[in-house]
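Visitor: One structure coming up, written as structure tokens, with questions to follow.
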Amino acid sequence: MLVPMTPNDRWSLDFVSDQLTDGRRFRILTVVDDCTRECLALVADTSLSGIRVVRELDRLMIERGKPRMVVSDNGSELTSNAILAWADQGRIAWHYIAPGKPMQNAFIESFNGRLRDELLNETLFPSLAQARVALACWRADYNDARPHSQLGWRTPSEFAMTCHPRQDLALRYAEGSAPAPVATTAQPGKSTSWGELRTGQNLGGKVSKVRGRAAADLARWAARAWAGISIAWQQTKHGGCMSGKPLSRSSITRSGCTNIRTIARNHQRVWSFDSKQGVPRAGNVTDHFAPGPN
């Protein structure tokens with residue numbers, strides 16, 4: 001469906017029903033320009049056929065020009081042969097919304113709700129002529145005297161006369177009633193941490209960098225753990241395969257102690273790594289540790 005950027009890009013049509021004080025029913029044809037939010041027509045009559053709708057659309061085209069698209073529901077008047085022939089002859093795209101989906105024609109539905117709340121539900125019409133006069137007055141007030149938030153707090157008529165699509169499009173949405181986003185949009189090519197990938201960056205190089213940092217972190221942790229075990233071992237002063245001497249990789253290999261569990265078993269001590277201090281911590285003797293192979 002066409003997005004309205006300029007006046008006459010897209011018109012929306014619908015019907016509203018009401019009744020006179022004597023009980024007779026009448027209908028109102030509502031036409032809205034989705035770009036400028038102008039009410040183009042409020043046609044009230046007891047019967048509105050497809051031929052009557054075509055006649056009103058021809059009158060609007062003489063006054064404003066031809067629309068590029070018309071949006072409506074699937075009512076019998078709007079799917080008649082007269083409407084189809086008019087759209088085909090004028091080369092106008094006519095878009096029908098899905099059945100039971102009025103939100104797809106949101107502009108006209110919002111307008112109809114405002115019309116009913118402000119005029120139809122508040123006014124008693126003794127005759128059709130009085131209803132037409134009241135509708136004309138309300139339409140003039142809506143187009144010429146009432147500012148609209150989505151139009152930069154300008155009236156629809158004022159916005160239509162000064163509409164510049166490239167300049168006014170941002171204004172219509174920047175000063176709307178929707179809340180501003182909480183987080184800003186990330187910029188391409190920028191990163192907030194070393195672990196995030198930049199746009200267009202080589203993935204293989206980034207993975208290699210991450211692996212290198214992980215290996216460096218693991219080496220630092222192993223060095224701290226090895227130093228802590230050596231210090232704790234020297235403090236115990238127990239006999240064993242190492243005789244209380246500071247540990248080293250070569251001495252463990254020469255003494256035949258192949259892992260830390262074997263050392264803890266030989267000295268009847270259980271060591272656990274303290275993550276806060278970065279050194280081993282002595283615990284109670286446990287029998288479920290089996291010595292490693294010599």
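The values are calculated or read from the model by the stated rules, or taken from the named source; none is laboratory data. Computed from a predicted model, the values in this text were never measured in an experiment. Reconstructed Cβ throughout: ideal geometry from the backbone, glycine too, with neighbour counts over all protein chains shown. Protein only, heavy atoms only, side chains kept; ligands, DNA and RNA dropped before computing areas. Shrake-Rupley method; radii C 1.70, N 1.55, O 1.52, S 1.80 Å.
Visitor: I'd like to know if segment 67-84 contains one or more residues that are small (Gly, Ala, Ser) and open to solvent by 80 Å² or more (accessible area, probe 1.4 Å). Walk me through how you get there before you give the answer.
Guide: At the first step, the residues of segment 67-84 found to be small (Gly, Ala, Ser) are 72, 75-76, 80, 82.
Adding the requirement that they be open to solvent by 80 Å² or more (accessible area, probe 1.4 Å) leaves 76.
Yes, segment 67-84 contains a residue that is small (Gly, Ala, Ser) and open to solvent by 80 Å² or more (accessible area, probe 1.4 Å).
Visitor: For residue 135, indicate whether it is at pLDDT below 85 and open to solvent by less than 60 Å² (accessible area, probe 1.4 Å). Spell out how you get there, then give the answer.
Guide: On the way: at pLDDT below 85: no; open to solvent by less than 60 Å² (accessible area, probe 1.4 Å): yes.
Answer is no for this residue.
Visitor: Got at least one residue in segment 1-10 being over 28 Å from the mean Cα position of the chain (by Cα), within 30 Å of residue 154 (Cβ to Cβ) and at pLDDT 95 or above?
Guide: Taking segment 1-10 first, the residues over 28 Å from the mean Cα position of the chain (by Cα) are 8.
Narrowing the set further to residues that are within 30 Å of residue 154 (Cβ to Cβ) leaves 8.
Checking the rest, the ones that are also at pLDDT 95 or above come to none.
So far as segment 1-10 goes, no, none of its residues is over 28 Å from the mean Cα position of the chain (by Cα), within 30 Å of residue 154 (Cβ to Cβ) and at pLDDT 95 or above.
Visitor: Could you list all residues from segment 5-28 that are closer than 20 Å to residue 117 by Cα, assigned to a strand (DSSP E or B) and open to solvent by less than 20 Å² (accessible area, probe 1.4 Å)?
Guide: Across segment 5-28, the qualifying residues are 12, 13, 14, 16, 26, 28.
Visitor: Given the conditions (1) surrounded by 12 or more Cβ atoms within 10 Å (Cβ to Cβ); (2) part of a helix (DSSP H, G or I), which single one is not true for residue 94?
Guide: All conditions pass for residue 94, except number (2).
Residue-wise test of (1) within 21 Å of residue 116 (Cα to Cα); (2) touching a Gly at 6+ places or on another chain (Cβ under 6 Å); (3) assigned to a helix (DSSP H, G or I).
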| site | (1), (2), (3) |
| --- | --- |
| 44 | yes, no, no |
| 48 | yes, no, no |
| 58 | no, no, yes |
| 76 | no, no, no |
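Visitor: For segment 62-69, check the following and say yes or no: at least one residue is part of a strand (DSSP E or B), at pLDDT 95 or above and either of a type in the set (A, V, I, L, M, F, W, C) or within 16 Å of residue 108 (Cβ to Cβ) (or both).
Guide: Checked segment 62-69: no residue is part of a strand (DSSP E or B), at pLDDT 95 or above and either of a type in the set (A, V, I, L, M, F, W, C) or within 16 Å of residue 108 (Cβ to Cβ) (or both).
Visitor: Additional query: Give me the pairs: first residue in segment 122-149 and without any contact (Cβ under 8 Å) to a residue 12 or more places away in the chain, second residue open to solvent by 50 Å² or more (accessible area, probe 1.4 Å), beta-carbon distance under 7 Å, and six or more apart or on different chains, which are they?
Guide: Here the result reads 147/153, each pair linking segment 122-149 to a residue that is open to solvent by 50 Å² or more (accessible area, probe 1.4 Å).
Visitor: Among the residues of segment 3-45, which ones are of a type in the set (D, E, K, R) and more than 20 Å from residue 106 (Cβ to Cβ)? Before you say what the answer is, go through the steps one by one.
Guide: Kept after step one, since they are of a type in the set (D, E, K, R), are these residues of segment 3-45: 9-10, 14, 18, 22, 24-25, 27, 33-34, 37-38, 45.
Selection gives 18, 22, 24, 25, 27, 45.
Visitor: Would you point out which residue out of 82, 106, 44, 98 is of a type outside the set (Phe, Trp, Tyr) and in contact with a strand residue (DSSP E or B) (Cβ under 6 Å, 6 or more places away or on another chain)?
Guide: On the way: 82 fails: in contact with a strand residue (DSSP E or B) (Cβ under 6 Å, 6 or more places away or on another chain); 106 fails: in contact with a strand residue (DSSP E or B) (Cβ under 6 Å, 6 or more places away or on another chain); 98 fails: in contact with a strand residue (DSSP E or B) (Cβ under 6 Å, 6 or more places away or on another chain).
After applying the criteria, what remains is 44.
Visitor: Would you mind telling me which numbered condition in (1) closer than 19 Å to residue 82 by Cα; (2) open to solvent by 40 Å² or more (accessible area, probe 1.4 Å); (3) among the hydrophobic types (A, V, I, L, M, F, W, C) residue 2 fails?
Guide: Condition (1) is where residue 2 drops out.
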